[in-house]
Amino acid sequence: MKDILIFCPSIEYGGVEKNLFIITNYLSKKIGKKEVCVISGNNNHKKNFSKNIKLFTPKKNYNNSSRLVKIIISIIIFIKYFRKKDIIILSFQANLTAILLAKIFRKKIIIRSNTAPEKFAQNFLKKIIFNFFLKFSDIIIVNSLIFKKRLKEFFNINSICIYNSLENKNFKNKKVIFSKNKTLKIISVGRLTDQKDHLTLLKAFSLVVNKIDAKLMIVGKGKNLRTLKSFVKKNKLSSKVIFFGYSKNINFLMNKADLFVLTSKYEGLPNVLIEAQNLGIPIISSNCPTGPNEILLSGKLGELFPVGNFVNLSNKIIKFNNNKKRYFKKAILAKKFLFRFDLEDNCSKYLKVIQKLSND
């Protein structure tokens, strides 16, 4: 078996990173005498990796630099340290760059694709570029069955589906309170970007507060913060909406909420929905490509609404408030399907893929 190089130029604060830490740390325990190395333009996440993992990051602080800068730094690090080493590359980000490096320096490469292919397929030029480069990877791993199907439909590319892993299953079920007089507490967790579509959430919430007493907690940071705060101020929601920024204690905040809402335009397999299920929190999610429908079993384990339809979302939130018992039944049922995201089961599949590629 060969040494493993994990390629992730920009380590941020989201689902990709959670899976990066889980999978990398698992591999480091199972790979024996071989090395697991990580290349990144970030040097502020060392504590998230086990001590036997070798990190190749810049000494200078580029943590707040653009992704492009971090990609360039990662390319330089790769050429300096790995161009002559016999390795297998496992790419978590900037996959086209990783594929190009692999082909130039004759390395085998596995890419983990995290974003629904609809994002690229809708742009003709991007579709051509991605279709061309993806076929040069040795193995493509995706995190949902629908993702796998879409990749085949849009790019005629085969892939392997490995679900995201749930790191901690030890949280207790959320206590259910059915008081109709209680202020409804809604939470949303995710980067403040166009992809997560928090404007749809705020538009829906502005309709909700006209009919019921509710509070909205938005956890995350990103470039759209100013725009979202402007909407809140303009619509006189300042006393009802709290922006928490990034939080290391998301489970604590989520346990304070009655309802979890995801409004994304597209996803891979959103970890945050799995975490909400683990905590026993009822979920309303956009039916975006590719993960929510699969996680929620087409509405069996939570509610789905059309992407961007804030009126539909507001109606579902109000219905939840009027009949919490029905929604909590779905949340309780969801706990029974968490086996799909078992850490040992899913991470061991990565190891098997790497072992097979090493022997080919």
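Determine, yes or no, whether F105 is surrounded by 15 or more Cβ atoms within 10 Å (Cβ to Cβ) and modelled with pLDDT of 95 or more.
On the way: surrounded by 15 or more Cβ atoms within 10 Å (Cβ to Cβ): yes; modelled with pLDDT of 95 or more: yes.
Spelling it out, F105 is indeed surrounded by 15 or more Cβ atoms within 10 Å (Cβ to Cβ) and modelled with pLDDT of 95 or more.
The single condition from (1) under 25 Å from E153 (Cβ atoms); (2) more than 20 Å from the chain's Cα centre (by Cα); (3) at pLDDT below 95 that K336 fails is (1). Within the range 79-91, is even one residue within 24 Å of F120 (Cα to Cα) and either of a type in the set (S, T, N, Q) or free of Cβ contacts under 8 Å to residues at least 40 places away in the same chain (or both)? Yes, that holds for at least one residue. So for the range 127-136 (the condition being in a helix (DSSP H, G or I), free of Cβ contacts under 8 Å to residues at least 40 places away in the same chain and surrounded by 18 or more Cβ atoms within 10 Å (Cβ to Cβ)), does at least one residue qualify? Yes, because at least one residue in the range 127-136 is in a helix (DSSP H, G or I), free of Cβ contacts under 8 Å to residues at least 40 places away in the same chain and surrounded by 18 or more Cβ atoms within 10 Å (Cβ to Cβ).
Answer yes or no as to whether N168 is modelled with pLDDT under 90 and on the phi < 0 side of the Ramachandran plot.
Values: modelled with pLDDT under 90: yes; on the phi < 0 side of the Ramachandran plot: yes.
Yes.
Within the range 68-88, track down each residue that is within 21 Å of the chain's Cα centre (by Cα) and either closer than 21 Å to I140 by Cα or modelled with pLDDT under 95 (or both). The answer is I71, and nothing else.
Taking the listed residues N224, N293, N309, the one that is in contact (Cβ under 8 Å) with a residue 12 or more places away in the chain, under 30 Å from L145 (Cα atoms) and under 21 Å from the mean Cα position of the chain (by Cα) is N293, with no other qualifying. Would you please list the contacts, defined by Cβ atoms under 9 Å and residues six or more apart or on different chains, that run from a residue in the range 21-37 that is modelled with pLDDT under 95 and of a type in the set (K, R) to a residue that is assigned to a strand (DSSP E or B) and surrounded by fewer than 18 Cβ atoms within 10 Å (Cβ to Cβ)? Sorted first by the residue in the range 21-37, then by its partner, the pairs are K34/D3.
Applying a threshold of 8 Å to beta carbon distances and a minimum spacing of six or more residues, or different chains, the list of pairs starting in the range 185-197 at a residue that is at positive phi and ending at one that is basic (K, R) and not in a helix (DSSP H, G or I) reads D197/K265.
Does K148 satisfy being in the same structural domain as K33 (by TED's automatic domain parsing), touching a Cys at 6+ places or on another chain (Cβ under 7 Å), part of a helix (DSSP H, G or I) and not acidic (D, E)? The answer is yes for K148.
In the set (1) buried (at least 16 other Cβ atoms within 10 Å of the Cβ); (2) at pLDDT 95 or above; (3) not polar (S, T, N, Q), I160 fails one condition alone, (1).
Looking only at residues that are without any contact (Cβ under 8 Å) to a residue 40 or more places away in the chain and basic (K, R) in the range 137-154, which one is nearest to K352 (Cα to Cα)? Spell out the reasoning first.
Restricting attention to the range 137-154, the residues satisfying the condition of being without any contact (Cβ under 8 Å) to a residue 40 or more places away in the chain are 140, 148-149, 151-154.
From what is left, the residues that are basic (K, R) are 148-149, 152.
Working: K148: 19, K149: 22, K152: 23 Å.
In this case the residue turns out to be K148.
Mind listing whichever residues of the range 206-250 are surrounded by fewer than 17 Cβ atoms within 10 Å (Cβ to Cβ), on the phi > 0 side of the Ramachandran plot and assigned to a loop (DSSP other than H, G, I, E, B)? Of everything in the range 206-250, just one residue is surrounded by fewer than 17 Cβ atoms within 10 Å (Cβ to Cβ), on the phi > 0 side of the Ramachandran plot and assigned to a loop (DSSP other than H, G, I, E, B), namely K236.
Check whether at least one residue in the range 88-98 is in contact with a Cys (Cβ under 7 Å, 6 or more places away or on another chain) and crowded, with 22+ Cβ neighbours inside 10 Å, and report yes or no.
Yes, the range 88-98 has at least one match.
Considering each residue of the range 328-350 in turn, at least one proves to be among the aromatic types (F, W, Y) and without any contact (Cβ under 8 Å) to a residue 24 or more places away in the chain.
The values are calculated or read from the model by the stated rules, or taken from the named source; none is laboratory data. All of these numbers come straight from a predicted model, not from anything done at the bench. Neighbour counts are summed over all protein chains in view; Cβ atoms, including those assigned to glycine, are modelled from backbone coordinates with ideal geometry.
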